[in-house]
1. Restricting to region 57-78, give me the number of residues that are in contact with a Leu (Cβ under 9 Å, 6 or more places away or on another chain), assigned to a strand (DSSP E or B) and within 24 Å of CYS92 (Cα to Cα).
2. If you scan region 101-133, which residues turn out to be more than 23 Å from PHE79 (Cα to Cα) and either more than 19 Å from the chain's Cα centre (by Cα) or basic (Lys, Arg) (or both)?
3. Quick one: how many residues across region 134-146 are crowded, with 17+ Cβ neighbours inside 10 Å and hydrophobic (A, V, I, L, M, F, W, C)?
4. Report whether or not SER53 is surrounded by fewer than 20 Cβ atoms within 10 Å (Cβ to Cβ), of a type in the set (Ser, Thr, Tyr) and closer than 30 Å to SER146 by Cβ.
5. Residues SER47, SER33, SER53, SER65: which one is at pLDDT 95 or above, closer than 30 Å to ARG128 by Cα and over 27 Å from the mean Cα position of the chain (by Cα)?
6. Residues in region 165-195 that are over 17 Å from LEU45 (Cβ atoms), in contact with an Asp or Glu (Cβ under 8 Å, 6 or more places away or on another chain) and aliphatic (A, V, I, L, M): how many?
Amino acid sequence: MTGLSRLLACSALACVPAGLTAAELVVRDLELSLSALPAGFTYTLTSPTVEVSGEDAFASGTELSLGGRWALARPGDAFGLVLGADLFTDTCTFDSSGYLVSTGLRATIGLGWAIADDWTLLAEPGIRYGLSALDLPATSSSLAYSASGSVTGYDARVAILWQISEGFLVQGHAGWMSLSHEISGDDIDVTLDQSGLYVGLGVVWRWSTAPPRIE
């Protein structure tokens, strides 16, 4: 390489922002997030004398989630696998009164990209399992109903994380989920299927920002 070539190469590197040349994927996170859940659902109600199906919607649905993420990227890599696990609690309410509450675990295996030193993008497919409880008060045309069962499902979401100070980040995410609740009580079985878009925000503590060591 000639002296002029070396000078041009060094000048070009000097013009590239340092955050874009040195970004490495480091995800060692503990996160707390709040999400808005899809409102619409379909249901099937089965009793010894009748079976009824239909569509309805919740007045509101929120999810509180506490979880962790760990990247398996090699030293120097901006891309890599990211493993995750969350403990979630979903609360959905109806217009008048009554609620559906679910608590369970979500497991993910996704991909991470260190866009820059302070920015990380995660793409996460996940599977879910937990317990559900449905409570409906009595009305002028129906009796009160309380029952419990299980919830299974899956989702896929994209999350963007911004580090605003050493070890502290904020996160925004959006995705699509599908949940199926199987609930039984008082000789009545209810299947409730809930699906649609969901969005949320979170805070993240990254307990280590050091990249993986080369050994």
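The values are calculated or read from the model by the stated rules, or taken from the named source; none is laboratory data. Quick caveat, the model's predicted, so the values are computed rather than measured. Every residue, glycine among them, receives a Cβ derived from its backbone with ideal geometry; neighbour counts consider all protein chains shown.
1. Number of matching residues: 8.
2. Of the residues in region 101-133, the ones more than 23 Å from PHE79 (Cα to Cα) are 101-105, 128-133.
Once the filter is applied, which keeps residues that are more than 23 Å from PHE79 (Cα to Cα) and either more than 19 Å from the chain's Cα centre (by Cα) or basic (Lys, Arg) (or both), region 101-133 yields ARG128, ALA133.
3. Taking region 134-146 as the starting set, the residues that turn out to be crowded, with 17+ Cβ neighbours inside 10 Å are 134, 136, 145.
Pick out the ones that are also hydrophobic (A, V, I, L, M, F, W, C) and you get 134, 136.
Total meeting the criteria: 2.
4. Considered against the rule, which asks whether it is surrounded by fewer than 20 Cβ atoms within 10 Å (Cβ to Cβ), of a type in the set (Ser, Thr, Tyr) and closer than 30 Å to SER146 by Cβ, SER53 comes out as yes.
5. On the way: SER47 fails: at pLDDT 95 or above; SER33 fails: over 27 Å from the mean Cα position of the chain (by Cα); SER65 fails: over 27 Å from the mean Cα position of the chain (by Cα).
The conditions single out SER53.
6. 3
Table: residues versus (1) within 20 Å of GLU31 (Cα to Cα); (2) of a type outside the set (Val, Ile, Thr).
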{"residue": "PRO75", "(1), (2)": "no, yes"}
{"residue": "VAL82", "(1), (2)": "yes, no"}
{"residue": "TRP113", "(1), (2)": "yes, yes"}
{"residue": "ALA123", "(1), (2)": "yes, yes"}
{"residue": "LEU136", "(1), (2)": "no, yes"}
{"residue": "ILE164", "(1), (2)": "yes, no"}
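The rows are residues; the columns are (1) surrounded by 15 or more Cβ atoms within 10 Å (Cβ to Cβ); (2) modelled with pLDDT of 95 or more; (3) of a type in the set (Phe, Trp, Tyr).
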{"residue": "GLY84", "(1), (2), (3)": "yes, yes, no"}
{"residue": "THR108", "(1), (2), (3)": "yes, yes, no"}
{"residue": "ASP117", "(1), (2), (3)": "yes, no, no"}
{"residue": "ILE127", "(1), (2), (3)": "no, yes, no"}
